[in-house]
Amino acid sequence: MNFKLTEEQQLIQQSAREFAKEYLEPLVAKMDETREFPREVIKPLADHDFLGLHLSAESGGVEAGCVTYITVIEAISRSCGSVASIMNNHAMASYAIQRWGSEAVKKQCLPAMVKGEVLGAFAIYEHGPTPGIGPMAVVATKTDAGYVLKGAKAYVRNAGKAGVYVVTAVTEADRPKTAVAFVVDAQTAGVKVGERIATMGLRGCPVAHVVFDNVVVPQGALLGGRGTEIVNRTLALGALAEAAQTVGIGQAAIDHAAAYAKQRVQFGMPVFNFPAVQALLSDSNIDCHVARLALYHAAQLVDDGEPFEVESAMVKSFLARLGSKLLVDSCQVEGGMGFVENMPLPRLFRDIAGTTLLDAPADTPERAIAMSIA
Amino acid sequence: MIFTPEQLEIQKAAREFVAKHVIPQAAEYDRSGEFPSYLLGAAKESKVFAMAIPKKYGGLEYDSITQALVCEEWSYGCAGMGTTLGASMLGTDPLLVVGTPEQRKMYFAPIVDGGMAAFGLTEPGAGSDAGAVKTTAVRSGNEYILNGTKCFITNGGYASVYLIVASTDLSKGLKGLSAFIVEKGTPGFTVGTVEHKLGIRSSNTVELHFKDAHVPASNLVGAEGEGMKIAMLTLDMARPPVACAAVGIARRAIDECLKHLTERFTGNYPPPQTVQFKLAEMHAQVEAARQMAHHAMRLRDTTTSYSMESAISKLIGGDMVMSVTTQAVSLMGSYGYTSVIEKLMRDAKIMQIYEGTNQVQRLVIGRGLLTQAAKHMQKAV
């Protein structure tokens, strides 16, 4: 048991904090207002190796491991949740390609993804009750040369900006168990990105539905694994990065609220001096601390090569309940000032809600956790 | 709660009004943050802004339960527009309990005619600490001269009449506060910065500036030094309607979840049990909060001492709506994050803040309990 980051991890964390201050803090308020995709930071992110932390050297990555990746996402999120969200979705795509892609696909995609030349998107959600079911589900039909994809993916992050989509599809309609996954070049004929969907927060990260209108992909585009395995493992990793976003945004809010409370005078003293205000801040910090410990534990399991899916589900479930509460209470410390848009907390309030979504799933995190106990 | 046929009739009319005039425009005004001026025209005929005003002054004189039902419907449609209505009622409330017949006649007339009221207590340095008001009112002959700045004043840019709390004697602190009627257009009285907010974005929140603003001495409501008492009576009245608004938002959140779920989960795929249970808990919380709000509203009509119940209704309602809407966004996933449900979560946040933060409500309740306990002890000894 060792709760200390290695020297290398600390250095990378430090560099992520400095990066966030230098590149993200100056543009975060404007990005929130204009909803503009922050294209200008993708190259600098790559130059700092932040897009290849979780990838092998062979893929062009730096093999820094999951804990390091999580520290970076947390540090970036303290300044800008949108960029962390873009990174997370990019990382889920590159992770799936590295783990299940053919040599040719890996060579074609990964170095460019690490350099930030090509952005990835992980497109798995659909409009039906569960992926693979219903008239809109993406169905892959085998042809002599490969497959034809037809259907639609819902709420795809990085949509429209991604050069490569990792897309799940069933090979038999209405049979989710036949799901497989493909790597699809965004330029392929028939890939149609829908109108950008306005999100509550994380507004720099574009979201849209993506239609696959008889998209022809070669045999080599098929990832070598069952769809459910690819989705579950990749989402388990994505959930950790999401949790790191929640923790980073939540901590930023707590810090801001504490600083505000120290300078806001009511009843003749800083409101920080009131026990009830200290209790609000303290309760939030407890939740944030507990979540962070559970998060880093799960990330260490990844680095140790141990199963981590259950721990990931527990962190996700915990934060689904408590993530937004960090902001609800931080805003409360600032009272009316926590509600006006020229202060930072309203943005953090909107951003953090996007990191704790459950997506009304048929397969809940609770199920994964309960199954592990029984 | 069993309602009278009249109450149900008015609830139905409010629901129809909201479906026609509030819901269709809510998203657009939420986006722009502009004030929906059209609404005043639409509401003029129904006189809904005068629903609390006695009939002898031309109002509708609804009982408090009926007002509760109307408030809930408006915030079901849009809490921003519901706040516009609620804040006008807040501005009207003080004159319902204090003031001379002449003052009432003058104050209520523009509201009966389709205008609005606003209540000005908060200042940059006086939030929860309302006694720290620095705006002054100095008597000069037959007038008072007001100087100072109010902030976060709802309806401030569009009201016809204002109830402003100012100090007639700074040395007396709380006991030096007094309440004044100020009319729109009074020289020296101007509207400042408009705030853009996380939620209730279509409601108008502004600064008010007083620079040697002369108001007739006859505009003093009650006596000098009664400002804080009047403000507290006003807030007692205004807190349960906030709880009703909270109930409206939360009920809408559940309806939107149900709409999405029934569209998404069809045929052999019912929503999972965990989702059903969460919906059940949300609904149970809404029902409980509504009962408490209606209880406090009924006390408004039957007693003068209900600060504790008023505070409880707002505490329960405000915390309930934050929890229910947060759950709704999380539970509905990406749909929740990109649909009307996200607006409900943003709108919910203010319900824990305005008309006294929920921390202030806890203070009111806690102090009330301790005072009661001390009295019992004295009796026992």
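On the given criteria, is A:ALA279 within 11 Å of chain B (Cβ to nearest Cβ), more than 30 Å from A:PHE122 (Cβ to Cβ), without any contact (Cβ under 8 Å) to a residue 12 or more places away in the chain and out of contact with any Leu (no Cβ under 8 Å at 6 or more places or on another chain)?
For A:ALA279, the condition - within 11 Å of chain B (Cβ to nearest Cβ), more than 30 Å from A:PHE122 (Cβ to Cβ), without any contact (Cβ under 8 Å) to a residue 12 or more places away in the chain and out of contact with any Leu (no Cβ under 8 Å at 6 or more places or on another chain) - is met.
Of all strands (runs of 3 or more DSSP E) completely enclosed by segment A:98-188, which ones contain at least 2 residues that are crowded, with 24+ Cβ neighbours inside 10 Å and either touching a residue at least 60 places away in the same chain (Cβ under 8 Å) or within 12 Å of chain B (Cβ to nearest Cβ) (or both)?
Because the criterion is at least 2 residues that are crowded, with 24+ Cβ neighbours inside 10 Å and either touching a residue at least 60 places away in the same chain (Cβ under 8 Å) or within 12 Å of chain B (Cβ to nearest Cβ) (or both), the strands (runs of 3 or more DSSP E) in segment A:98-188 that meet it are A:120-123, A:146-157, A:164-170, A:179-185.
On the given criteria, is B:MET237 more than 9 Å from chain A (Cβ to nearest Cβ), closer than 30 Å to B:LEU177 by Cα and either assigned to a helix (DSSP H, G or I) or touching a Gly at 6+ places or on another chain (Cβ under 8 Å) (or both)?
Here the answer is yes, as B:MET237 does meet what is asked.
Which of the helices (runs of 4 or more DSSP H) contained wholly in segment B:1-52 include at least 2 residues that are closer than 26 Å to B:HIS295 by Cβ?
Where helices (runs of 4 or more DSSP H) fall fully within segment B:1-52 and carry at least 2 residues being closer than 26 Å to B:HIS295 by Cβ, they are B:5-17.
Please indicate, with yes or no, whether at least one residue in segment B:263-283 is touching a helix residue (DSSP H, G or I) at 6+ places or on another chain (Cβ under 9 Å) and more than 14 Å from chain A (Cβ to nearest Cβ).
Within segment B:263-283, one or more residues are touching a helix residue (DSSP H, G or I) at 6+ places or on another chain (Cβ under 9 Å) and more than 14 Å from chain A (Cβ to nearest Cβ).
Please find, among A:ALA320, A:ALA353, A:ALA294, the residue that is among the small types (Gly, Ala, Ser), closer than 30 Å to B:VAL206 by Cβ and assigned by TED's automatic domain parsing to the domain that holds A:VAL247.
A:ALA353
Do we have A:PHE308 as over 22 Å from A:THR71 (Cβ atoms) and away from chain B (no Cβ under 13 Å) here?
Here the answer is no, as A:PHE308 does not meet what is asked.
Restricting attention to segment A:329-346, report how many residues are of a type outside the set (Val, Ile, Thr), free of Cβ contacts under 8 Å to residues at least 12 places away in the same chain and in contact with a strand residue (DSSP E or B) (Cβ under 8 Å, 6 or more places away or on another chain).
Of the residues in segment A:329-346, 3 are of a type outside the set (Val, Ile, Thr), free of Cβ contacts under 8 Å to residues at least 12 places away in the same chain and in contact with a strand residue (DSSP E or B) (Cβ under 8 Å, 6 or more places away or on another chain).
With a cut-off of at least 1 residues that are in contact with a Ser or Thr (Cβ under 9 Å, 6 or more places away or on another chain) and at pLDDT 95 or above, name the helices (runs of 4 or more DSSP H) lying wholly within segment A:258-374.
In segment A:258-374, the matching helices (runs of 4 or more DSSP H) lie at A:275-303, A:309-334, A:345-353.
Of the residues B:SER171, B:SER167, B:SER160, which single one is of a type in the set (Ser, Thr, Tyr) and crowded, with 24+ Cβ neighbours inside 10 Å?
None of the others qualify; the one that does is B:SER167.
The values are calculated or read from the model by the stated rules, or taken from the named source; none is laboratory data. On a predicted model such as this, the values are computed, not experimentally measured, just so you know. When we count neighbours, we look across all protein chains shown, and the Cβ atoms used for this are built from the backbone with ideal geometry, even at glycine.
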